[in-house]
Amino acid sequence: DLKSGQKMVKICCIGAGYVGGPTMAVIALKCPSIEVAVVDISVSRITAWNSDQLPIYEPGLDEVVKQCRGKNLFFSTDVEKHVFEADIIFVSVNTPTKTRGLGAGKAADLTYWESAARMIADVSKSNKIVVEKSTVPVKTAEAIEKILTHNSKGINYQILSNPEFLAEGTAIQDLFNPDRVLIGGRETPEGQKAIQALKNVYAHWVPEDRIICTNLWSAELSKLAANAFLAQRISSVNAMSALCEATGADVAQVSHAVGKDTRIGPKFLNSSVGFGGSCFQKDILNLVYICECNGLAEVANYWKQVIKVNDYQKSRFVNRVVSSMFNTVSGKKIAILGFAFKKDTGDTRETPAIDVCKGLMGDKAQLSIYDPQVTEDQIQRDLSMNKFDWDHPIHLQPMSPSSVKQVSVVWDAYEATKDAHGLCILTEWDEFKTLDYQKIYDNMQKPAFVFDGRNIVNMKKLREIGFIVYSIGKPLDPWLKDMPAVA
């Protein structure tokens, strides 16, 4: 690069969250000739990125950051300096679901996006490529483009869409070896040039045939479509799980048989208490809103149903717990094992555990919660927060959450289950498979119940110990048949 007299390419990423942090760390590792700066206005978050205790837990992230930090990877709160210097600016700020006004409960709130765009326009003195990295509604690029061009002072901006397809828990692997990298841009000579510039970054380590170039709208919509299809698979298998319980079928056997069809495939067919994570619900609500805005009510209703089945699955689980315990959990201690939305991440955004815990608390249960990666502060915050609040930047969230009296957070599974009437497994952490369930049984109130929301325990062994076991989509214990859940 440098021999031809070109200056070193500089990349700046606005937003040091789950997307910006890991993505930029891997770009820095794979492109030693590029200087990468990750900027954020949250001082505590940047301080954490510069410390030994990174602000997010993701297997393999630590090594990558420590290899590059201070060499060609920098974390800074000096947003304007790095934006000014950058050739390519990634924007990965929060895009929460609106809670009021037009499109409340569905549309994305672009406040943070818009202020980022205006700031870019304010400080730029040279041409920039601006890359959408956060999940945004279709046509955001157009809005951003308008803000930039109307404030351009003669500077040329090219907007690209480069949506994120990371799965948490495997983000670093996904970045090292992506199924595809999607880059959408304008079909003009300048637009194509910008696409090529971003393609050159990824081409350092991603095979050419996996970098897909499309128009802007296709790239923006592909992200929403991919998440909608994935969430739909989970809702489909969860809808079947209810039928399995009613008929004595085993959902694991059904999904194994279904997944053997090569057109369907085996992945993402595990039944559970429901899907979570920061994207699925938000992206589908967004898709629904876009369809409604374009007069496509039937399409909107089709995707709405995916969310409805997910909500149904969570409330069905709570109803099972309450109905099996003589129809009341008031004053009873219930152990919650796992709070993150899936294993190998500390992320709790939209985790089904929130709705399950709130449902049990609504019937006055005493909860004792254990998760190996989630802090007490986070759990208390999640249980006292309003819907969709999680997606606003940390410094705009309630500072010290009012702690919920019915909840105690403990540091191992044995403490959580001691004297409990029932235990609910809500995250599939590997350690929950190997617990000493005999010891747990001996220390619980009888009858002792296990509600396995992730289908990870050995039901046969647990029943031999003496537990009454409910596993999603599995043939029911006689006990549970006698105490039907009223949905």
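The values are calculated or read from the model by the stated rules, or taken from the named source; none is laboratory data. Quick caveat, the model's predicted, so the values are computed rather than measured. Note that we place each Cβ from the backbone using ideal geometry, even for glycine, and neighbour counts take in every protein chain shown. All accessible areas refer to the heavy atoms of the entire protein, side chains included, with ligands and DNA or RNA removed. Shrake-Rupley method; radii C 1.70, N 1.55, O 1.52, S 1.80 Å.
Taking every alpha-carbon pair under 8 Å whose residues sit at least 6 apart, segment 192-312 reaches a relative contact order of 26 percent. Beta bridges per DSSP, both residues in the chain: antiparallel share near 5 percent.
The phi-based Karplus calculation (6.51 cos²θ - 1.76 cosθ + 1.60; θ = phi - 60°) puts the 3J(HN,Hα) values of segment 205-211 at 9, 9, x, 3, 6, 9, 9 Hz, whole numbers, x for Gly and Pro. The fraction of accessible area contributed by carbon and sulfur in the chain is 54 percent, rounded to a whole number (1.4 Å probe; ligands and nucleic acids excluded). Its DSSP H runs of at least 4 residues, each contributing -39,500 (n - 2.57), put the calculated 222 nm mean residue ellipticity of the chain at -12500 deg cm²/dmol, to the nearest 500. A simple charge model with +1 on the Cβ of Lys and Arg, -1 on the Cβ of Asp and Glu and nothing else charged puts the dipole of the chain at about 520 debye relative to its Cα centre. Apply 1/(1 + (r/R0)^6) to the Cβ-Cβ distance of Glu431 and Asp179, taking R0 = 35 Å, and write down the FRET efficiency to the nearest 0.05. Using R0 = 35 Å, I get an efficiency of 0.75.
Taking label points 7 Å from Cα along the Cα-to-Cβ direction, Thr99 and Gln253 give a separation of 4.7 nm.
Entry comment: accessible area of segment 259-409 is 43 Å² per residue, from protein heavy atoms only and a probe of 1.4 Å.
Classified by the C-alpha gyration tensor, segment 1-157 has an oblate form. Its axis ratio a/c, with a ≥ b ≥ c, is 1.5 or above, and a/b does not exceed b/c. Residue-wise HN-Hα couplings along segment 162-170, as the Karplus relation 6.51 cos²θ - 1.76 cosθ + 1.60 with θ = phi - 60° gives them from phi, are 9, x, 8, 10, 6, 10, 5, x, 10 Hz; Gly and Pro carry x. Among Phe451, Phe74, the order of accessible area from largest down is Phe74, Phe451, computed with a 1.4 Å probe on protein heavy atoms. So how far, in whole Å, is the C-alpha centre of segment 269-307 from the one of segment 161-175? Using only Cα atoms to place each centre, the spacing works out to 21 Å.
Averaging the sequence gap over all C-alpha pairs within less than 8 Å and six or more residues apart, then dividing by the number of residues, gives the chain a relative contact order of 13 percent. Placing R0 at 56 angstrom, the Cβ-Cβ distance between Asp209 and Lys358 gives a FRET efficiency of 0.75 after rounding to 0.05. Assuming charge only on the beta carbon of Lys and Arg (+1) and of Asp and Glu (-1), the dipole of segment 67-193 about its Cα centre is about 220 debye to the nearest 20.
For Thr214, list long-range residues whose amide hydrogen, built 1.01 Å from N in the peptide plane, is under 5 Å from its own amide hydrogen. So Thr214 has HN proximity to Ile183, Gly184, Gly185. Probing with 1.4 Å while keeping every protein chain in the model, the per residue accessible area of segment 1-154 equals 44 Å². Summarising the strand pairing of segment 37-150, around 10 percent of its internal DSSP beta bridges are antiparallel. Scoring 472-478, 60-66 by mean Cβ neighbours within 10 Å over their residues and listing the highest first yields 472-478, 60-66. Using the Cβ-Cβ distance between Asn127 and Thr77 with R0 = 22 Å, the FRET efficiency computed as 1/(1 + (r/R0)^6) comes to roughly 0.30. Sparsely packed loop sites in segment 405-459 (the trypsin sites (Lys or Arg not before Pro) outside DSSP H, G, I, E and B with at most 12 other Cβ atoms within 10 Å) comprise Lys405.
What's the extension gain from Asp419 to Glu376 if we count 0.36 nm per residue and subtract their Cα-Cα distance?
Contour length minus Cα-Cα distance gives 13.4 nm.
Pairwise inverse Cα distances across the chain, averaged and inverted, put the Kirkwood hydrodynamic radius at 24.0 Å.
Each residue, His150 and Gln192, gets one label point 7 Å from its Cα in the Cβ direction; the gap between the two is 3.1 nm.
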